[in-house]
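Colleague: One structure, as structure tokens, below. Some questions next.
The values are calculated or read from the model by the stated rules, or taken from the named source; none is laboratory data. Since this is a predicted model, take the numbers as computed values, not measurements. Quick reminder, even Gly has a Cβ in these numbers, built from the backbone with ideal geometry, and neighbours come from all protein chains shown. Each accessible area value is taken on the protein alone, full model and side chains, heavy atoms only, with ligands, DNA and RNA left out. Shrake-Rupley method; radii C 1.70, N 1.55, O 1.52, S 1.80 Å.
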Amino acid sequence: MDNRLIANPPQIIESTKAEFNESANTTIGLTGEPLANDFDFELLVEIAKRSYLNLADIQQYRQLIVNEHMLYGINETDMARLLGQATNLATINWMKRSLND
């Protein structure tokens, strides 16, 4: 490996490191897991109340939902839509039939 690359990393590495450090500015929740500052979980719950989503499950998987938001950038309304699609009985039955074929 070229020693110059180690001493002076390429610009892409420096910019990625800076972006990572900015995104690491999160608060720590009661479980010790990072919580996204920009995800309105209460909005997700309000949207979920208007659908057939199980609110207890949403609360149980709160950190997983926030992690998905942080990882993929999914906003509250899209998250509610995706949760609805994932728990749609028609979709689940279609997937089960497809897997069995």
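Colleague: May I ask you to list the residues in segment 74-90 that are modelled with pLDDT under 90 and open to solvent by 50 Å² or more (accessible area, probe 1.4 Å)? Show your work before the answer.
Modeller: In the first step, residues of segment 74-90 are kept if they are modelled with pLDDT under 90; the result is 84-90.
Of everything in segment 74-90, those that are modelled with pLDDT under 90 and open to solvent by 50 Å² or more (accessible area, probe 1.4 Å) turn out to be Gln85, Ala86, Thr87, Asn88, Leu89, Ala90.
Colleague: May I ask you to list the residues in segment 68-89 that are over 14 Å from Asp40 (Cβ atoms), free of Cβ contacts under 8 Å to residues at least 24 places away in the same chain and of a type outside the set (Gly, Ala, Ser)?
Modeller: Once the filter is applied, which keeps residues that are over 14 Å from Asp40 (Cβ atoms), free of Cβ contacts under 8 Å to residues at least 24 places away in the same chain and of a type outside the set (Gly, Ala, Ser), segment 68-89 yields Glu68, Leu71, Tyr72, Arg81, Leu82, Gln85, Asn88, Leu89.
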